[in-house]
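Heads up: the structure comes next, in structure tokens.
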Amino acid sequence: MHGLIPVPKRLDGYGHLRRLFVRHLFLSLIILVPGTVVGQSAFSRITISGGADATIHSPRLLPDWKPGRGGHLSVSTPFYFGEAEAGAAFHRYDAQTTDVPRFDALMAFVGWGVRLAPAESFSWYNGMRVGSYRMAFDEETFPGIRNESELSIGLQTRIDVHLTPALNVYIAGRYNRTYTAPRLDLAYLSGGLAISLESPEWLVTLLR
């Protein structure tokens, strides 16, 4: 990735946006309203979440790349004082100039967070993720170019509206930092559906 991503001279408003986002998540994780934290036995339920992503801030990629379609899929379960998750997110970035290749990005991650339930009709989740961010570049346009995989760390805030005990719709905001050279910071807005099922006893026993 070194040499492909330009370093902008100015990131207007981005530093302020990032600080607000990080501060918001940090405070929400440590200032928990008594009685609102969702508490369940570890591995008692399995939730499958999937939906679409939109890249809403990518200062180091502009104007050379344009964010394209994206999506995510994850599996989560209650896990000791919070929720654990694992999943992947896919995003496409189309080249805006002939000087750079198009690339597809895949982030495989694990994460942990805390869910608050101020009311039965909705819940609020805040957590962190760590994983591998793999960039596959268009070799047809740039023969011999090397694909790259780097460490990525992210924060997430998500609001779920509970349609039924087993079905939610949600909207989420995410901030990811990937340790390329130069460092790559991206922000996403996501939405989707989540299906929650009770774990079979044999699986609970196996995981515990």
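Nothing in this text is a laboratory measurement; each read-out follows from the coordinates by a stated rule. What you see is a predicted model, and the numbers here were worked out from it, not measured in a lab. Don't worry about glycine lacking a Cβ; one is built from the backbone with ideal geometry, like all the others, and counts go over all protein chains shown.
So for each of 142-154, 180-192 I average, over its residues, the number of other beta carbons within 10 Å; can you give me the resulting order with the highest mean first?
180-192, 142-154
Want the number for Phe90 to Ile195: 0.36 nm per residue separation, take away the alpha-carbon distance, what's left?
Full extension of this stretch gives 35.8 nm more.
Which of the peptides 193-205, 125-137 is most tightly packed, and how do the rest follow, judged by the mean count of other Cβ atoms within 10 Å per residue?
Top of the packing list down: 125-137, 193-205.
Under 8 Å for C-alpha pairs, at least 6 residues apart: give me the relative contact order for the range 37-168, rounded to a whole percent.
19
What net charge is computed for the residues neighbouring Thr47, neighbours being all others with C-beta under 12 Å from the C-beta of Thr47, Lys and Arg scored +1, Asp and Glu -1?
Once all neighbours under 12 Å are counted, the net charge is -1.
How far apart, in nm, are the 7 Å Cα→Cβ label points at Ala166 and Ile56?
3.2
Return the whole-Å distance between the Cα centroid of the range 140-203 and the Cα centroid of the range 54-87.
3
Within the set of other residues whose C-beta is less than 10 Å from the C-beta of Asn176, count the net charge using Lys and Arg as +1 and Asp and Glu as -1.
+2
With Cβ to Cβ distances under 15 Å as the rule, what net charge do the other residues near Leu151 carry (K, R +1; D, E -1)?
The answer is +1.
What distance in nm separates the simple spin-label points at Thr98 and Ala181, each placed 7 Å from Cα in the Cβ direction?
Going by the 7 Å Cα→Cβ label model, 3.0 nm.
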